[in-house]
Amino acid sequence: MKKLFATVCIILTGLPSIAEITEVLPTIPNDIKIEKRVYIAEDTTKPGVEIPIRILSPVTTKNPPEEGDFLDFVTTKEIKIGNKTYPEGTIVKGRVETVSKNFSLGVPGDILMANFTLDKYPLKGQIKKVGANRSIWVDPCFQIGILCLGAGVIFMPIRGGHAKIKEKEVFTVYYR
Amino acid sequence: MKKFFIAAMLMFCASLAPSFAASFTTPFNSDVIELKDIVAMQAKVSEVGVKILNKNEIEKRTIFRFDSGKSVNAHSSFRDREIVIYRGLYTLLDDENMLAAVLSHEISHSVESYEGAFRGYFTQVNYYWAPKKYEYMADKRAVDYMVGAGYNPVALIVVMNKAFSQTRYDWCSSHPLTSRRMMEVYEYIYKKYPQYLAKNEYKNHPYYVNFLLISKENRAKFQHKIETNSKMPVLYL
């Protein structure tokens, strides 16, 4: 009887903590819907309309943007899509997909941008920039240095380069 | 001098062969498996894997292999660009979304293996010295790949909570704490694909409910970040 009473007490004290599990859900615009895509073989080799773009203000992993942020690019020449013509300097939005900082022992930082849109048209292509990969020489120096009375530790603080997207760099994305 | 040089070279080469396991090698007891079952599971792994590659237009070649071994594991080989999923892990997956989650994570490693000097040879060195950075990245790219292929990315949180162990600390581990990984994925989905959380098909899945239970503190930190509009990364527990 005592055991039964103890069990009931434990269950009752445990219940409120389970009931407390709440999740603050994100608010989403009404026009976003979850679409289950149906898999069909697609010809992805078709050439599309080439759209050369450059970033409006430079980005670096030293002061990185947040993942999910949208950054502005501009077209560097006039683009024709169907009957519509977009002049040079038209804004193209690109989303920051992943950002990671540089690390010691020469590991570089990197930034990946994709999901470009031009006037609501989704564009294909991505931009991946990786900083200077110094581990190519830091790693052998570290390994060999460790064998020489641990002298390799002096190479440990050497960090890899920051990834940068410069204003003058022109990238190509595609519309198809 | 020769011996010293050889020893140095051997150490260097050994450092370039790390294992990029997605999870851990917990023993898994099960009976003998029939060939037709192996064939069926291999077909499913290949189908889902290739679907992710094609739908995301990944231009790097990768193959998928099912291994009937018992370990609760999946890994991506940098040298061969081969993704192996073991039966121990496969049997823990409830649906195709979860299989896609595991494969997407490994595909992300595989794609990374192509980048850099000497056809990606030196990317291995980066993985060796900063594995956690690349694990977080692979998790996030996995979310993108899953959404790109029409899968529900919340399954990645569910499969992590179900199959990946939780070490005390991650100082000496190649993988971050699973609780941190789950929160990073949660934050990533919350920011980029909020629709999957707002209309969450895994809302009542026991392992998702369990994730909500164990991540109360971490989610409170995240909510504080959202409310204060902070750009600082949160150190999850």
Return only the number of the condition from (1) hydroxyl-bearing (S, T, Y); (2) assigned to a strand (DSSP E or B); (3) loosely packed, with under 12 Cβ neighbours inside 10 Å that A:T117 does not satisfy.
-> (3)
Any hit, segment A:130-146, residues being closer than 30 Å to A:L71 by Cα and surrounded by fewer than 16 Cβ atoms within 10 Å (Cβ to Cβ) | yes
Residue satisfying condition, being in contact with a Gly (Cβ under 8 Å, 6 or more places away or on another chain), open to solvent by less than 70 Å² (accessible area, probe 1.4 Å) and either at pLDDT below 90 or assigned to a loop (DSSP other than H, G, I, E, B) (or both), within set A:V96, A:V107 | A:V107
Looking at this structure, is B:R181 assigned to a helix (DSSP H, G or I), at the interface with chain A (Cβ under 9 Å from one of its Cβ atoms), at pLDDT 90 or above and crowded, with 20+ Cβ neighbours inside 10 Å?
-> no
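So, in segment B:114-129, of the ones that are within 10 Å of chain A (Cβ to nearest Cβ) and aromatic (F, W, Y), which residue ends up most open to solvent (accessible area, probe 1.4 Å)?
Ranking the candidates gives B:F118 first.
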Leading residue by the ranking (farthest from B:N97 (Cα to Cα)) among those in segment B:32-80 that are among the aliphatic types (A, V, I, L, M) and within 14 Å of chain A (Cβ to nearest Cβ) | B:I58
Extreme residue, farthest from the other protein chains (Cβ to nearest Cβ), among residues of segment B:130-172 that are surrounded by fewer than 21 Cβ atoms within 10 Å (Cβ to Cβ) and free of Cβ contacts under 8 Å to residues at least 12 places away in the same chain = B:R168
Which one is nearest to B:E115 (Cα to Cα), of the residues in segment B:58-85 that are within 17 Å of the chain's Cα centre (by Cα), of a type in the set (S, T, Y) and surrounded by fewer than 23 Cβ atoms within 10 Å (Cβ to Cβ)?
-> B:S77
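The values are calculated or read from the model by the stated rules, or taken from the named source; none is laboratory data. Keep in mind that what you see is a predicted model, and the values were worked out from it rather than measured. Cβ sites come from the backbone with ideal geometry, for glycine too, and all protein chains shown count toward neighbours. These area figures cover heavy atoms from the full protein model, side chains too; ligands, DNA and RNA do not enter into them. Shrake-Rupley method; radii C 1.70, N 1.55, O 1.52, S 1.80 Å.
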